[in-house]
1. What span do the alpha-carbon atoms of the range 56-170 cover on each of the three principal axes, reported in whole Å from largest to smallest?
2. Taking just the alpha-carbon atoms of the range 138-219, what radius of gyration and Dmax come out, in angstrom?
3. For the chain, what % of the accessible area comes from carbon and sulfur atoms, probe 1.4 Å?
4. Between the range 172-219 and the range 67-136, what is the separation of their alpha carbon centroids in Å?
5. State in Å² the accessible area per residue of the chain; use a 1.4 Å probe, count heavy atoms of protein chains only, and round to the nearest integer.
6. Among the helices of the chain (complete DSSP H runs), which have Cα atoms covering no less than 18 Å along the helix axis and a Kyte-Doolittle mean of at least -0.5?
7. Identify the trypsin sites (Lys or Arg not before Pro) of the range 224-299 meeting these criteria: DSSP loop state and at most 14 other C-beta atoms within 10 Å of the C-beta.
8. Set the bar at 21 Å for Cα to Cα. Now go through K34/K203; K34/K74; K34/K73; K165/K246; K165/K203; K113/K151 and name every pair that lies beyond it.
Amino acid sequence: MYDCIIIGGGPAGLSAALVLGRSMREVLLFDHGKPRHAPARHSHGFITRDGVTPAEFRTLAYKDLSAYPSIQKKEEEVIDVRHHNRGGFEVLSSTGTRETARTLLLSSGIQEKLPQIRGLDSFYGQSLFSCPYCDGYEVRGKKLVLITESKNAFATAQIIQHWSKALVLCTNGHSIVTPDQYRMLQVRGIQVTDQPIHQLLGKDGQLAGIAFTNGDKLSCEAGFVTPQLSHSGHLSYKLRCQLNDKGAIQTDGYGRTSIRGIYAAGDNSVITPTQLVIAAGEGSRAAIGINMDLIHADF
């Protein structure tokens, strides 16, 4: 029986594995190799790793983990988990593998639901982004669009304009801007269009414009889009982990969920903001909580 099974090989899971390995814990990390940020060319905001590619980040992380023999990895997806009759938990992977552990760490990240707009996938992560703190610097001063169907459109536009004054807010046919907000945006030079979007224009991942259903076109050089976010995976629902008002897995200061022995870290317990450095820090903190609880249980 492992001390901990980590479900999810993103920055939170990788960071937790490192801390637990250095705590001489027997760890099994399940990583299906499909990170959410895979479409991104570069990841930013992680000190000493600013501009790292997702693939390079994972390679460097696994190189660090390879120094600790108590850390094992399986490139499989966990499809089920249950309480084990001898205590702890049993997980079932997509290949039929069954493994047991005293504790579980859920670090499978979040799911994004993007607006259903033709061509959007071709530009997402290349010249159309979701986080200005991750990618705003690279598009500073350019002609930008903000595509959003969220009621936070006004606040999001305020933030993005910090990186570029040439900003157009596109609501894709949704009435999400109040008259007062509309007037304030106009005063700040932010154009608002409520026309439904027909498709995005450009090539080779470079966004060049938007075609609307009424025949109008808008030129741009890059942009941002607001996805709907929810924590990833069904396991927390099956385990009946309590969620907070943002839909994230509720945790205390050390990653403990409402279920004894189950911990959560990373985007699935934070939801927003979603940055590598924040997720990695959450993984480290949860690992410390796991190790402390195991020490107290054994003392």
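The values are calculated or read from the model by the stated rules, or taken from the named source; none is laboratory data. These numbers were taken from a predicted model, which means no experiment stands behind them. When we count neighbours, we look across all protein chains shown, and the Cβ atoms used for this are built from the backbone with ideal geometry, even at glycine. Protein only, heavy atoms only, side chains kept; ligands, DNA and RNA dropped before computing areas. Shrake-Rupley method; radii C 1.70, N 1.55, O 1.52, S 1.80 Å.
1. Sorted largest first, the three principal extents are 60, 33, 25 Å.
2. Considering the range 138-219 through its Cα atoms, Rg and Dmax are 12.4, 39 Å.
3. 49
4. Cα centroid of the range 172-219 versus Cα centroid of the range 67-136: 34 Å apart.
5. 50
6. Going by DSSP H runs, the hits are 276-298.
7. Numbers: sites: K238, R240, K246, R256, R260, R285; in loops: R240, K246, R260.
Counting only loop positions with at most 14 other Cβ atoms within 10 Å, the trypsin sites (Lys or Arg not before Pro) in the range 224-299 are R240, K246, R260.
8. Working: K34/K203 25 Å; K34/K74 13 Å; K34/K73 15 Å; K165/K246 30 Å; K165/K203 25 Å; K113/K151 15 Å.
Beyond 21 Å between Cα atoms: K34/K203; K165/K246; K165/K203.
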